[in-house]
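Please read the structure below before turning to the comments.
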Amino acid sequence: MLDAFIIEEIKKREREQEQQRPRIDLPLPEPRPQRQNDRGDEDETPPRGVVIIDYSVPAADSIPA
């Protein structure tokens, strides 16, 4: 098992090596601020309706022969 001092030295060296590596910073577009009252396209709900399905069966005597 490694001594705690050795483990800390290894972590320290790894951090230093990572800081020395070149990095690529991509320019990311800044998000546009939206007011709370503004509704986006994703907030819109589709129109809703009601469908009534009648599963009742007429009585046998009311069916014409």
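Mind listing whichever residues of the range 1-36 are of a type in the set (Asp, Glu) and either in a loop (DSSP other than H, G, I, E, B) or touching a strand residue (DSSP E or B) at 6+ places or on another chain (Cβ under 6 Å) (or both)? Of everything in the range 1-36, those that are of a type in the set (Asp, Glu) and either in a loop (DSSP other than H, G, I, E, B) or touching a strand residue (DSSP E or B) at 6+ places or on another chain (Cβ under 6 Å) (or both) turn out to be Asp3, Asp25, Glu30.
Screening Leu2 on (1) modelled with pLDDT of 75 or more; (2) surrounded by fewer than 10 Cβ atoms within 10 Å (Cβ to Cβ) shows it passes everything except condition (1).
The values are calculated or read from the model by the stated rules, or taken from the named source; none is laboratory data. Fair warning: this is a prediction, and the values are worked out from it, not measured in the lab. When we count neighbours, we look across all protein chains shown, and the Cβ atoms used for this are built from the backbone with ideal geometry, even at glycine.
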